[in-house]
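Take a look at the structure below.
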Amino acid sequence: MAIIRTYRLDEKNVLHFREAWFQQFEDEEVGQFVINHGSVGHMSTTSDVQDVNNDRADELFAGFLQACSDEGYAEIQDEDQSWVIVQYSLKSATGTERDRYLEKKAKEALTGHLAWRGLGTVESSDFAPRKLNIRILTPAPKLAVAAIKTCIREAKLDFTKMSIGTADYATPGKIKSVHPMPPKPMTLN
């Protein structure tokens, strides 16, 4: 499933997003073409076209890109975004079965919550000694941090054991703690 995600700042300096994807159903010749859009940080609006074949999907993607370009939307390169790291402290050095369950559930919850608000993508996760790191690439780190706190709390995923840090794309190792306050030193390994 390919996704095209575009953004633009309006005259009030509010970031908006539009994204489109084509999802083909298993063992079928057709699928659905979906457009999702809204203000970054807020639940988006979605519309779709059903029973779309590959050729029609290509036409719809071309039309989507043209409309985005005409209205000032553009894709944001990875290097122009920021990292937000969700980190959990673990009781063991390598993580337990429960920690792996937490990793899976947190990634699932964050993926959907952030995507429907134009706040970025869950890129990876890993276990470091006594830590679980979930890496998120986002165009709006402050809004993403607020959304992450809401998402984790609503999903009941050990909110009190979670820390969040941010870093520039080029220097993910130079992570700066932003939750909880007051900031504490934070490392990825």
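Laid out as a table, the results:
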read-out: Radius, Kirkwood style, for segment 76-154 when every pair of distinct Cα atoms is counted (Å); value: 12.8 Å
read-out: Whole-percent carbon and sulfur share, accessible surface of segment 42-152, 1.4 Å; value: 49 percent
read-out: Spatially proximal aspartates and glutamates relative to Lys107 (Cα-Cα < 16 Å; intrachain offsets below 8 disregarded); value: Glu97, Asp99, Glu123, Asp126, Glu154, Asp158
read-out: Accessible surface, per residue, of segment 129-189 when the full set of protein chains is kept, probe 1.4 Å, Å²; value: 56 Å²
read-out: For segment 121-176: Kirkwood Rh in Å [reciprocal of mean 1/r, alpha carbons]; value: 12.3 Å
read-out: Rg/Rg_globular for the chain, with Rg_globular taken as 2.2 N^0.38 Å and Rg from C-alpha atoms; value: 1.13
read-out: Per DSSP, loop GluC sites (Glu not before Pro) in segment 55-132 with at most 15 further Cβ within 10 Å; value: Glu71, Glu75
read-out: Segment Val30-Glu154, length gained on full extension (0.36 nm per residue, minus Cα span); value: 41.1 nm
read-out: Partner lysines for Lys104 [C-alpha distance under 23 Å; skip if fewer than 8 residues away on the same chain]; value: Lys91, Lys131, Lys149, Lys156, Lys161
read-out: Calculated from backbone phi, Karplus (6.51, -1.76, 1.60) coupling profile of segment 15-20 in Hz, x at Gly/Pro; value: 7, 10, 9, 9, 9, 9
read-out: P(r) histogram, all alpha-carbon pairs of segment 50-122 included - 5 Å bins from 0, percent; value: 3, 11, 13, 14, 15, 15, 10, 7, 6, 5, 1
read-out: Farthest toward positive dipole pole in the chain [+1 Lys/Arg, -1 Asp/Glu at C-beta], among Ser69, Ala57, Asn36; value: Asn36
read-out: Phi to ³J(HN,Hα) by Karplus 6.51 cos²θ - 1.76 cosθ + 1.60 over segment 166-171, Hz, x for Gly, Pro; value: 10, 7, 5, 4, 6, 10
read-out: Mean ellipticity per residue at 222 nm, deg cm²/dmol - from DSSP H runs of n ≥ 4 across the chain, formula -39500 (n - 2.57); value: -9000 deg cm²/dmol
read-out: Cα shape, segment 1-46, gyration tensor, a/c 1.5 rule; value: prolate
read-out: Pairwise FRET efficiency - Glu71 versus Met181, Cβ, R0 = 41 Å, nearest 0.05; value: 0.60
read-out: Residues of segment 1-97: accessible area per residue with a 1.4 Å probe, Å²; value: 61 Å²
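The values are calculated or read from the model by the stated rules, or taken from the named source; none is laboratory data. Fair warning: this is a prediction, and the values are worked out from it, not measured in the lab. Neighbour counts run over all protein chains shown; Cβ positions are idealised from the backbone, glycine included. For the accessible areas, the whole protein counts, side chains as well, though only heavy atoms, and no ligand, DNA or RNA atoms are used. Shrake-Rupley method; radii C 1.70, N 1.55, O 1.52, S 1.80 Å.
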